[in-house]
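Report on one structure; see the data block that follows.
The values are calculated or read from the model by the stated rules, or taken from the named source; none is laboratory data. Note that this is a predicted model, so its numbers are computed, not measured. All Cβ positions, glycine included, derive from the backbone under ideal geometry; neighbour counts span all protein chains shown. For the accessible areas, the whole protein counts, side chains as well, though only heavy atoms, and no ligand, DNA or RNA atoms are used. Shrake-Rupley method; radii C 1.70, N 1.55, O 1.52, S 1.80 Å.
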Amino acid sequence: MSRRTRISGLRQAAPIVLPSLLLCDFGNLEREVERLELAGVNGLHLDVMDGNFVPNFTYGMPIVAALRKLTDLTLDVHLMIDDPGRYVEDFYEAGADLITIHIESTNQTLEALQRIRNTGAAAGLAINPQTPLSRIQGCIELCDLVLVMSVEAGFGGQSFDEGAISRIRQVNEMTGPECLIEVDGGINQNTIGACADAGAKLFVVGSAIFGKQDYTAAITELVSCAVTS
Ligand code: DX5
Ligand code: ZN
């Protein structure tokens, strides 16, 4: 599927809840993916951390490749690593459909975004809560997605930063209709609605899904909170 087709498909299907696998049961990855597919999700959000850009480690290409074998769902890879441009081809080869880098992680943002697009994947740019939005202004043209972080990148289970709501609104004004807005961190039944109102289309959710027994009920409730806001 082409980059443009994938992005416009996601826009049509919005609001989309993307489970962040950070808190899933990695000993039962196949079962976890099955449960999420049964819950009707459109994609999976994969948090890659290097212990350097953020003070936490997760996983890299092998887990993305393992998931690619298990599912046809869109794989949304969030790279929280230094100098991410070095690895975008590897993540694409592993099966990533959407690759997001952080504006704070490289001084070669435009080159990295272009490298992502050259692979055929959609290109995303993430921004942490403390970083001025003006930093992404010159990069929007190469973005298929802007990821507004509503917690400082690094860990699941943090509380939602309310400042994200006006930042989503501002990013919505900075970007055209071709660019999707995603929000990540502390998204739950109480915070998702305001983010949807502000213009976010994709909602990354970790603890508010994996902390529950019934994934289908949790996801259905999240989507309805985003729709009825
Ligand atoms: C944080 C990650 C998030 C996180 C979301 O750096 O990017 O994807 O896992 O988890 P919750 O929903 O628990 O904040
Ligand atoms: Zn993430």
**Asked** From the list VAL54, VAL33, VAL64, which one is closer than 21 Å to GLY120 by Cβ and among the hydrophobic types (A, V, I, L, M, F, W, C)?
**Response** VAL64
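Quick grid of which residues meet (1) more than 16 Å from ligand 1 (Cβ to nearest atom); (2) aromatic (Phe, Trp, Tyr); (3) part of a loop (DSSP other than H, G, I, E, B); (4) farther than 19 Å from GLY51 by Cβ:
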position: LEU79; (1), (2), (3), (4): no, no, no, no
position: ASP82; (1), (2), (3), (4): no, no, yes, no
position: VAL88; (1), (2), (3), (4): yes, no, no, yes
position: ILE99; (1), (2), (3), (4): no, no, no, yes
position: GLU104; (1), (2), (3), (4): no, no, no, no
position: ALA112; (1), (2), (3), (4): yes, no, no, yes
position: ARG115; (1), (2), (3), (4): yes, no, no, yes
**Request:** Please determine, by comparing only the residues of the stretch 184-225 that are over 20 Å from GLU37 (Cβ atoms) and of a type in the set (A, V, I, L, M), which one is most open to solvent (accessible area, probe 1.4 Å).
**Result:** ALA194
**Prompt:** Taking the stretch 1-15 on its own, how many of its residues are among the β-branched types (Val, Ile, Thr) and surrounded by 14 or more Cβ atoms within 10 Å (Cβ to Cβ)?
**Reply:** 1
**Request:** Could you please let me know if ARG135 is open to solvent by 50 Å² or more (accessible area, probe 1.4 Å) and of a type in the set (Lys, Arg)?
**Result:** yes
**Request:** Kindly indicate the residue of the stretch 16-57 that is of a type in the set (Phe, Trp, Tyr) and not in a helix (DSSP H, G or I) and also surrounded by the most Cβ atoms within 10 Å (Cβ to Cβ) among those meeting that condition.
**Result:** PHE53
